[in-house]
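Asker: One structure is given below, represented as structure tokens, and several questions about it will come after.
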Amino acid sequence: MTTEKIDNISVTTQANIYFDGKCVSHGITFADGTKKSVGVILPATLTFSTGTPEIMECVAGACEYKLAGSDVWVTSSTGEKFSVPGDAKFDIRVAQGHAAYHYICHFG
């Protein structure tokens, strides 16, 4: 099931802007200290690095991703998730002419 709403959080109002505005996110913190980010990736092909393991949850749109060490692009659409190991890199792409990829990044 796709996450549509997140209650009882604090939001960092200053956006994190990456790759010349192709990725914009906001940090959120839950009462128990758990941190996540919510954001959008516009059409582009980008490479991200992780510190801790991450789960990327697609809440709208779609992307393709390729984990480090793989040559295979995998599609992730609304309602789907994919996992990325900690201390790793992954590529993500949103095709030109397609809707933006809206996500929640679940850390560690």
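Asker: What is the one condition in (1) loosely packed, with under 14 Cβ neighbours inside 10 Å; (2) without any contact (Cβ under 8 Å) to a residue 40 or more places away in the chain; (3) part of a strand (DSSP E or B) that residue 28 does not satisfy?
Answerer: Here residue 28 meets the rest and fails (1).
Asker: If I ask for residues that are in contact with a strand residue (DSSP E or B) (Cβ under 8 Å, 6 or more places away or on another chain), of a type in the set (A, V, I, L, M, F, W, C) and either surrounded by fewer than 16 Cβ atoms within 10 Å (Cβ to Cβ) or over 23 Å from residue 82 (Cα atoms) (or both), which ones from region 1-23 would you list?
Answerer: 6, 9, 11, 15, 17, 19
Asker: Criterion first (free of Cβ contacts under 8 Å to residues at least 60 places away in the same chain and under 16 Å from residue 4 (Cα atoms)) does residue 59 satisfy it?
Answerer: yes
Asker: Please count how many residues of region 86-108 are under 19 Å from residue 50 (Cβ atoms), in contact (Cβ under 8 Å) with a residue 40 or more places away in the chain and assigned to a loop (DSSP other than H, G, I, E, B).
Answerer: The qualifying residues number 1.
Asker: Given the options 33, 39, name the one that is part of a strand (DSSP E or B) and of a type in the set (Gly, Ala, Ser).
Answerer: One residue alone meets the criteria, 39.
Asker: Now a separate question. Quick check: is even one residue across region 6-20 within 11 Å of the chain's Cα centre (by Cα) and part of a strand (DSSP E or B)?
Answerer: Among the residues of region 6-20, not one is within 11 Å of the chain's Cα centre (by Cα) and part of a strand (DSSP E or B), which makes the answer no.
Asker: Any residue in region 95-102 that is touching a Leu at 6+ places or on another chain (Cβ under 8 Å), among the hydrophobic types (A, V, I, L, M, F, W, C) and surrounded by 15 or more Cβ atoms within 10 Å (Cβ to Cβ)?
Answerer: Yes, region 95-102 contains at least one residue that is touching a Leu at 6+ places or on another chain (Cβ under 8 Å), among the hydrophobic types (A, V, I, L, M, F, W, C) and surrounded by 15 or more Cβ atoms within 10 Å (Cβ to Cβ).
We did not get these values from a lab; they are worked out from the coordinates using the rules stated. Values in this document were obtained by computation on a predicted structure and should not be read as measured data. Neighbour counts are summed over all protein chains in view; Cβ atoms, including those assigned to glycine, are modelled from backbone coordinates with ideal geometry.
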